[in-house]
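Student: Quick one: structure below, then a few questions.
The values are calculated or read from the model by the stated rules, or taken from the named source; none is laboratory data. The structure displayed is predicted, hence computed values, not measured ones. Cβ placement follows ideal geometry from the backbone for every residue including glycine, while neighbour counts extend to all protein chains displayed.
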Amino acid sequence: MSNSRDILHAAAGIAVIILSGCAGTPRPIIDAKGADMDQYQADLVECEQYGDEVDVAGGMARSAVVGAILGAAMGAITGDLGPAAGLGAIGGGAGAGLEETRVKQSVVKECLRGRGYRVLN
């Protein structure tokens, strides 16, 4: 039983590390040659507001629930219900957090491209 808890704690730690990497998402890099940087800053703020419409927390919560259900189902088969459900929730939430963050970054970059900037990353 303690082995299962050790695995759960390790998985939780890994998820925290992964998600903390998401928190520091890099800003878009643009080709600044010929760009009005004051206007770029204003456009970036507006585009980031569009990106904020991506529901990262909601997507993580939904995926954590699905992961917990799938983990519990596997745990019922293997006889390790609690830790399996926990691992499923952590895995589902972390995976969704990464994907939702990518979508958010994509929204910001596409918005900037739509405003005529050459986004390099």
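Student: Of everything in region 74-100 that's surrounded by fewer than 21 Cβ atoms within 10 Å (Cβ to Cβ) and β-branched (Val, Ile, Thr), which residue is modelled with the highest pLDDT?
Tutor: Of everything passing the filter in region 74-100, Ile77 is modelled with the highest pLDDT.
Student: List the number of the failed condition for Lys33; all other conditions in (1) at pLDDT below 55; (2) in a loop (DSSP other than H, G, I, E, B) hold.
Tutor: Going through (1) at pLDDT below 55; (2) in a loop (DSSP other than H, G, I, E, B) one by one, Lys33 breaks only (1).
Student: Of the residues Asp6, Asp55, Asp43, which single one is of a type in the set (D, E, K, R) and at pLDDT 85 or above?
Tutor: Asp43 is the lone residue from the list that is of a type in the set (D, E, K, R) and at pLDDT 85 or above.
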